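Report on the following structure.
The values are calculated or read from the model by the stated rules, or taken from the named source; none is laboratory data. Quick caveat, the model's predicted, so the values are computed rather than measured. No Cβ is skipped: glycine too gets one built from the backbone with ideal geometry, and neighbour counts run over all protein chains shown.
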Amino acid sequence: MDYKKNQELLFNLIKDKSVLKQDVFSNIILNFKVLKGVLKEIGDDLNDKLSDVDERIIIEYKDSGEFEAQLRVSGDLLVFQMHTNVFKFDPENSLWKTSYISENSNRGYCGLINIYNFLNDSFKYNRSNDLGYLIGRLFINHENHFMVQGKRQLGFLYNDFINSTVDKDKLKSIVQSAILYSLDFDLLVPSYDLVNKVSVNEVKQVGDHHKLRTAKRLGFIFESNNDEI
């Protein structure tokens, strides 16, 4: 084996891949900052409009750090988390057969923002056993092309990765869709047989910290490709 040729090959591969991933990461960072501004703007606007309707309805934005932001919408909490890694679409994904990506494979690398739906009380009362649900995930490449995988409108309104580029207005629309879905995704009473047993320790903890597990669909399966629970 030729050491110099191999060393040059390694150098070029590391250089190209590392630069690409840094470009993707820098771009998702910029878009996440815009998203935070969008969340605050939507939250403030809804709060102003609802303050005259009923003061018990709370709309609140919270910046939770460089890679996380939260938007409380009454009893629901939407958590937006930016992943710090760069991802490549699965080789089996049909996007690789499109001219957009087949002409330049670097376009198949994306930053990722996950959107979770929790009950606000889960955070308010520190109920660490409670469950949340991934309702959508936003992919953005270094050229600002984007798509969303998710539930209902999040899954079909934003799936044109080839032709769609993300901007502030698109992010507003995505956030609004996430809010609409979470509000329509109600807390249902679980089957009696699934919750008819409880430990002494769990009962004692309920009085102090509300530690019995709660979720919108407790005891049911949240199917990845099905809106029915």
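Only one residue in Ile28, Ile57, Ile14 is among the aliphatic types (A, V, I, L, M), part of a helix (DSSP H, G or I) and surrounded by 11 or more Cβ atoms within 10 Å (Cβ to Cβ), so which one is that?
Ile28
Considering only residues that are in a helix (DSSP H, G or I) and among the basic types (Lys, Arg), which ones fall in region 85-106?
Across region 85-106, the qualifying residue is only Lys97.
Count, please, the residues in region 60-84 that happen to be aliphatic (A, V, I, L, M) and part of a loop (DSSP other than H, G, I, E, B).
Residues that pass the stated criteria total 0.
Of everything in region 78-110, what is closer than 30 Å to Ile42 by Cα and among the polar types (S, T, N, Q)? Give them in sequence order.
Scanning region 78-110 gives Gln81, Thr84, Asn85.
Suppose we filter region 93-106 for residues that are in contact with a Phe, Trp or Tyr (Cβ under 7 Å, 6 or more places away or on another chain) and buried (at least 20 other Cβ atoms within 10 Å of the Cβ); how many remain?
0
Looking at region 1-51, which of the residues that are among the polar types (S, T, N, Q) and at pLDDT below 95 is nearest to Lys168 (Cα to Cα)?
Residue satisfying both the conditions and the ranking: Asn47.
Which residues, taken from region 125-166, are in contact (Cβ under 8 Å) with a residue 24 or more places away in the chain, β-branched (Val, Ile, Thr) and surrounded by fewer than 19 Cβ atoms within 10 Å (Cβ to Cβ)?
Selection gives Ile162 alone.
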